[in-house]
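Just so it is clear, none of the values below were taken in a lab; they were calculated from the coordinates. Predicted, not measured: the structure shown is a model, and the values here were computed from it. Every residue, glycine as well, gets a Cβ built from its backbone with ideal geometry; the counts of neighbours run over all protein chains shown.
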Amino acid sequence: MNSINNRLFSIRFFRWVCILALLWGLPEESLYAHNPRKIRVLTYNIRWGERADIATLSAVVKKTNPDFVALQEVEVDVKHPGKVQANHVHQISQFAQHTGMHVLFGAAFRVKRYPFGYGGGEFGNAVLSKYSFDSTRKHTYQAKGTEYRVGLETWVTLPDGKRVRFISTHLDHNNNPIRYAQVEEICRVFGNDDIPTVLCGDFNERPRDPNGCIARMDTEWVRACQEEANTFIAWNPTVKLDYVFYRPDPRWRVVSSQVIDESSASDHRPLLVEFELSE
C-alpha cells in the first residue's frame, strides 16, 4: 500500500512540476490571454484646488486605487488674490509626488492677468496613469465658448501587451450648442477607429436631454456610468455632470460604477468605473 501511495504522490508531483515549468516558460502576455484584464478608471473635477490642497486630493485619488485618472480644472502656477491655498501651485508635479503615478498636463488656456493680483499660469486637464505613456496628444476643440477646452489623449501599453487609449476632457460650462459642437469633434477625432478607448470627464450636461451632447455621445460611444449617479454639487449631489464612455463595445465589460462619497475636497464628486478588457 505504501508503495502505491508513493507512486501516486510521485505522479502528482511530476504533473505539478510540468505545469509550473510550462507556466514559467510562457511570456507574460500568454498568461493573460484568456483572463480579461481589470482596469479601474477615475474621473474627477478638482475645482482648481480651491477646497483642498493637492495632498488631500491625491489621497482621495489613491484611496480608489485607479489605473487611470482624468482630472479637470487643474492649474499650474496660477496666481490668486489673497491667501488661497491654490496660489502659485504647480499642481501636476504635486500630484506626481503624492500619488507616485505618471502624470500629464494639457493646458486649455493661459490665465489672463486681472486687477487685484489674479492671473498668470495655465488651466486645463490632466491624466494620471499607473503605466508610462507611449505617446500623448492635446486636441484643442475648435468650438470655443467663454474658455478654450481640450481633449488630452494618452496611449499606454499594459503589462499583458494590450494597447489602450485614455482621454480626459472638459466641455463648455454655459453654452449648449458649443458643448454639442465639442462632442462632434470628439466623435470625429477619437471615434473613428477600433482602438480600445476610454474617454471621460466633466461634460457639464445632464443626461436626459434628447437633443443634448450626452445623447450625441450615446450614438457612437457606450456610457459606463449609471444615469442616476449624481456627481454635483458634492455636498448635496442632485445633478450628473461627470461621465465615463468607452468604445468599441465588444472589447469592454463594465464590472462596476460608483460615485465616491467625498463631499469636501471639491465641488464635484469623483466617479469610479471598473472594466474588464478582453482580446
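Quick look at the numbers
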quantity	calculated
Amide H partners (placed H, <5 Å) of residue 121, local residues excluded	111
Residue-by-residue Karplus 3J(HN,Hα) for segment 135-152, coefficients 6.51, -1.76, 1.60, Hz, glycine and proline x	7, 9, 7, 10, 10, 8, 5, 5, 6, 10, x, 6, 9, 5, 10, 9, x, 9
Neighbour-count ranking [beta-carbon atoms within 10 angstrom, fewest first] of 140, 238	238, 140
Full-extension gain in nm, residue 218 to residue 194, via 0.36 nm per residue minus C-alpha separation	7.0 nm
Length gained when the stretch residue 176-residue 239 is fully extended (0.36 nm per residue, less Cα-Cα span)	21.1 nm
Cα-based shape type of segment 202-279, given that a ≥ b ≥ c are square roots of the gyration tensor eigenvalues and the cut on a/c is 1.5	oblate
Net length gained if the chain between residue 157 and residue 90 were fully extended (0.36 nm per residue, minus Cα distance)	21.4 nm
Nearby lysines by direct alpha-carbon distance to residue 162 (threshold 21 angstrom, same-chain neighbours under 8 apart not counted)	38, 130
Listed residue (111, 65, 148) projecting farthest to the positive dipole end of the chain, Cβ model	65
Test item: Cα-centred dipole of the chain, Lys/Arg +1 and Asp/Glu -1 on Cβ, debye	520 debye
Percent of Cα-Cα distances greater than 35 Å, calculated over the chain	23 percent
Amide H partners (placed H, <5 Å) of residue 231, local residues excluded	239, 240, 241, 242
Ranked packing of 130-136, 64-70, most packed first, by mean Cβ within 10 Å	64-70, 130-136
Structure-based [θ]222 nm, the chain - -39500 (n - 2.57) summed over DSSP H runs of at least 4, per residue, nearest 500	-8000 deg cm²/dmol
Proxy reagent accessibility, fewest Cβ within 10 Å first, across 273, 76	76, 273
Sorted by Cβ density within 10 Å, fewest first, the residues 260, 167	260, 167
Total formal charge among the other residues, if their Cβ is under 12 angstrom from that of residue 238, Lys/Arg +1 and Asp/Glu -1	+2
